[in-house]
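Each value in this text was obtained by applying a stated rule to the coordinates, not by laboratory testing. Just so it is clear, the model here is predicted, and its values are computed rather than measured. So basically every Cβ, Gly included, is an ideal-geometry build from the backbone, and we count neighbours across all protein chains shown.
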Amino acid sequence: MTRTFTPAGPGRDTVQLWFCPNDGLDEAIGSLLAGHWLDEHEHETARRFLFARDRRQYLVAHCLVRRVLALETGTPESEATIWRTSRGRPFLRPLPAGSPADVPGLDFNLSHSRGYNVVASARGRRVGVDVECLDRSAARGFGPIVESFAPEERAYLATLEAGGERDRATLRLWTLKEAYAKARGLGLGLPFDSFAFELDDEQGVLGFRPPADDTADRWTFAELRPRPKVLVSLAVDRSESTAPRRLLLHDGFPWSRTSPCEVALPARTPQYV
Ligand SMILES: CC(C)(COP(=O)(O)OP(=O)(O)OC[C@H]1O[C@@H](n2cnc3c(N)ncnc32)[C@H](O)[C@@H]1OP(=O)(O)O)[C@@H](O)C(=O)NCCC(=O)NCCS
């Protein structure tokens, strides 16, 4: 069954972020929704988790994706057909042109980590997103992460005081790199030392050295803190040099189209470094 209305979503100049902690979706309701909404691949993946907390994270994240797609396309959550590229990037199966639920160029990307989930969505441009907790350093060392960075990023980190300041900058770089690699659809298949960011505490991303097959002026990057210790980085394709103008942040499980909060997007293009 397909709903008969045409989805009234935001325009191509708008990027949306849908942030939802696990506790934004009641556990019993989440299990019920997952039972109805998720497809066989998602059920099979959920069954393979050894720990209940990891399964719960996966179920909330995937209910969130399907809810966002339903709001964006007007198609019921269980009817979205999600395909994956050979590198694992999920995308919505294209529908025949003219079908009521067809939203040409709709792109989305999911990230989930330690109780937090975020989906980015946009029309006519690629998006990539990554979420990490700033206290992650307490649980794991950053050594292997930093070793994967570009030389100029490692040199920058070495100038920072060990501990809080350096850990925060490391996670900022890491989430930006993941967001970019995920927007490209390459994930960890893209060597993290083949591109570099230059950061500023106040102004976010100042510079970007892209990999050899890309250009810096194609991208807008944004960093958000939806919770004091939660860092979200977003990479948005400027698509034929039209920059995205608006970023809307939804907080909590999106049961309805409640008013999101508008977040400023950096207007400038990151300079080559
Ligand atoms: C994508 C990747 C960087 C995720 O890193 P992560 O920080 O551990 O996890 P995140 O929560 O931020 O993102 C995971 C989500 O990204 C999405 N994703 C998976 N592969 C992706 C890709 N290549 N590009 C963009 N997004 C991807 C998925 O929605 C995934 O969640 P799901 O598995 O629950 O559906 C990493 O898993 C990766 O590189 N995967 C690709 C592996 C690969 O190249 N496989 C080749 C095919 S065999």
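Label point of residue 142 set 7 angstrom out along Cα-Cβ; within the stretch 192-215, amide nitrogens under 18 Å from it belong to 192-193, 196-206. Each of residue 255 and residue 158 was given a label point 7 Å from its Cα along the Cα-to-Cβ line. The distance between the two points is 5.4 nm. From helices alone, the chain scores -9000 deg cm²/dmol at 222 nm; the rule is -39500 (n - 2.57) for each run of n ≥ 4 DSSP H residues, then divide by the residue total.
Within the chain, the proportion of Cα pairs with more than 35 Å between them is 15 percent. For the stretch 134-273, the alpha-carbon radius of gyration amounts to 1.08 times the rule-of-thumb value 2.2 N^0.38 Å expected for a compact globular protein. Label points 7 Å out from Cα along the Cβ direction at residue 49 and residue 188: separation in nm? Placing both labels 7 Å along Cα→Cβ, they lie 1.9 nm apart. Listed values for the stretch 33-41 are Karplus-derived 3J(HN,Hα) couplings in whole Hz (6.51 cos²θ - 1.76 cosθ + 1.60, θ = phi - 60°), namely 4, 4, x, 8, 8, 6, 8, 4, 4, and x replaces Gly and Pro. Within the chain, the longest run free of exposed loop sites, counting GluC sites (Glu not before Pro) that sit outside DSSP helix and strand states (H, G, I, E, B) and have at most 12 other Cβ atoms within 10 Å, spans 1-160.
Counted over the chain, the DSSP beta bridges are approximately 85% antiparallel. Listed values for the stretch 120-125 are Karplus-derived 3J(HN,Hα) couplings in whole Hz (6.51 cos²θ - 1.76 cosθ + 1.60, θ = phi - 60°), namely 9, 9, 7, 10, x, 7, and x replaces Gly and Pro.
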